[in-house]
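One structure below.
The values are calculated or read from the model by the stated rules, or taken from the named source; none is laboratory data. Computed from a prediction, not measured in an experiment: that's the story for all the values here. Neighbour counts run over all protein chains shown; Cβ positions are idealised from the backbone, glycine included. In case anyone asks, the SASA skips ligands and DNA or RNA and just uses the protein heavy atoms, side chains included. Shrake-Rupley method; radii C 1.70, N 1.55, O 1.52, S 1.80 Å.
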Amino acid sequence: MRTLLIVNPNATSTTRSTRDLLAHALESRTQLTVRHTEHRGHAAELARWAADTRMDLIVVHGGDGTVNETVNGFLPLPGEPQREWLPRLGVIPGGSANVFARSLGIEPDPVTATNQLIDLVADDADRRIGLGVADDRWFLFSAGVGLDADVCEAIDAKRAAGKTATPARYLRTTVRQFFRAKRHAPQVRLDIPGNEPVTDVHYAFVTNASPWTYLDNTPVVTNPGTTFESGLGVFAMRTMGVLPTLLVARQLLAAHGDPKSRTLFRDDDVAAVTVTAAEPIGLQIDGDFIGRRNMVNFTAVPDILDVVAPKP
């Protein structure tokens, strides 16, 4: 088996000792090539090369952004020429949240996850999952417009200034961005095939799995019925009022969260959704701020990626 190990050395929780352990474990069982990312977009370049040279497995040791970049590097979008050969994907958590890996049942500790990966590879344990597309980009677990995109933009700026993306910083930034956005009128509309338009929306999340994210070890659940094997989840808030927001937020953190509110539109299984905004609005994909757009088309693509992960 030929394996490419992509390591993001700048990811939040990657360490030299973990990288060495992972490389040693894979080298003892596969024909291993190790590459470290050196710039933005490098993971995509490496993944494309791995697919071009028909490598069997790509293992990513980094955060959600590095994994997203890797998948977008080697997996053609719907409508593009398809590859004759696609590698499988393995993930060892190395970021701050590691939502994609944890949603797949990968252990959050990198050392434990390394042993888990080796056992799964030895057992030839694959899982075929669906992904989401936001216009011209794959997303693995989450995308959103409005509030969470603004939070991601602010966090990216803090990272650029050398600050670590900790759960506490995410929480403080979310509160700050919420009160900034609270002053603005709703400008988002959702169009879902077979449904009436959803109007007067302040911000919306589109998910491909559950939970939406993690607050330390606490899962934050927006769409509990959304899985990698189903359609997309849609979570759209029609209010910026503090009290109704707090009531919904409490449900998001509940052990068996099933958020409901008259100010919330939620559907856990849709094939597609189009988001339009009166003015350009922020878009985030898998925790990375992408930019501002007036319209985004989200589509579910089932059974598209083979990952080395436990069966659901």
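Can you give the FRET efficiency for Asp136 and Asn10, using 1/(1 + (r/R0)^6), R0 = 25 Å, r = Cβ-Cβ distance, to the nearest 0.05?
0.45
Sorted by accessible area with a 1.4 angstrom probe, largest first, how do Ser261, Ser142 fall?
Ser261, Ser142
Using a ≥ b ≥ c from the Cα gyration tensor of the range 87-173 (square roots of the eigenvalues), is it rounded, prolate or oblate, where a/c under 1.5 gives rounded and otherwise the larger of a/b and b/c decides, a/b for prolate?
Cα axes put the range 87-173 in the oblate bin.
Quick one: Karplus J couplings for the range 55-64, per residue in order, coefficients 6.51, -1.76, 1.60, θ = phi - 60°, nearest Hz, x for Gly and Pro?
With the stated coefficients, the range 55-64 comes to 6, 7, 9, 10, 10, 10, 10, x, x, 4 Hz.
Leaving out ligands and nucleic acids, note down the accessible area per residue over the chain with a 1.4 angstrom probe, in whole Å².
45 Å²
Can you give the three extents of the C-alpha atoms in the range 77-128 along their principal axes, from longest to shortest, in whole Å?
Here the Cα extents, ordered largest to smallest, are 37, 27, 14 Å.
Could you order peptides 122-130, 46-54 by the average number of other Cβ atoms within 10 Å of their residues, highest first?
Going by the mean number of other Cβ atoms within 10 Å, highest first, we get 46-54, 122-130.
Give me the base-10 log of I(q)/I(0) for the range 128-227 at each q in 0.10, 0.13, 0.22 Å⁻¹, Debye formula, one uniform scatterer per Cα, rounded to two decimals.
For the range 128-227 at q = 0.10, 0.13, 0.22 Å⁻¹, log10 I(q)/I(0) is -0.33, -0.57, -1.39.
What number does the range 220-282 give for Rg over Rh if you use C-alpha atoms and the Kirkwood radius?
1.00
For Lys182, give me every one of the aspartates and glutamates with a C-alpha distance below 20 angstrom, ignoring sequence neighbours fewer than eight places off in its own chain.
Counting by Cα, and skipping residues close in sequence, Lys182 has these aspartates and glutamates nearby: Asp148, Asp150, Glu153, Asp200, Glu279.
Just the number, please: Stokes-Einstein D of the range 1-90 in µm²/s, Kirkwood Rh from C-alpha pairs, 10 °C, 1.306 mPa s.
Diffusion coefficient, whole number: 120 µm²/s.
The chain: Rg/Rh from Cα coordinates, Kirkwood Rh?
0.96
Cross-link candidates for Lys163: which lysines have Cα within less than 17 Å, leaving aside residues fewer than 8 places away along the same chain?
Leaving aside lysines fewer than 8 places away in the same chain, none come within reach of Lys163.
For the range 185-312, what mean projected area does the convex hull of the alpha carbons give, in nm²?
It is 8.8 nm².
How big is the shadow of the Cα convex hull of the range 28-160, averaged over all directions, in nm²?
9.0 nm²
Starting from the Cα gyration tensor of the range 242-312, multiply each eigenvalue by 5, take the square root, and state the resulting semi-axes largest first in whole Å.
24, 23, 13
Summing +1 for each Lys or Arg and -1 for each Asp or Glu, what net charge is found among the other residues whose Cβ lies under 15 Å from the Cβ of Gln177?
+4
May I ask you to give the percent of accessible area on the range 32-162 that is carbon plus sulfur, with a probe radius of 1.4 Å?
For the range 32-162, the apolar C and S fraction of the accessible surface comes to 46 percent.
Do any GluC sites (Glu not before Pro) in the range 1-84 lie in a DSSP loop with no more than 15 other beta carbon atoms within 10 Å, and if so, which?
Glu38, Glu84
Provide the packing ranking of 9-17, 113-121, 300-308, i.e. peptides ordered by the mean count of other C-beta atoms within 10 Å per residue, highest first.
Highest mean packing first, the order is 113-121, 300-308, 9-17.
Starting from the eigenvalues of the Cα gyration tensor, five times each then square-rooted, give me the equivalent ellipsoid semi-axes of the range 140-197, largest first, whole Å.
In descending order the semi-axes read 27, 15, 9 Å.
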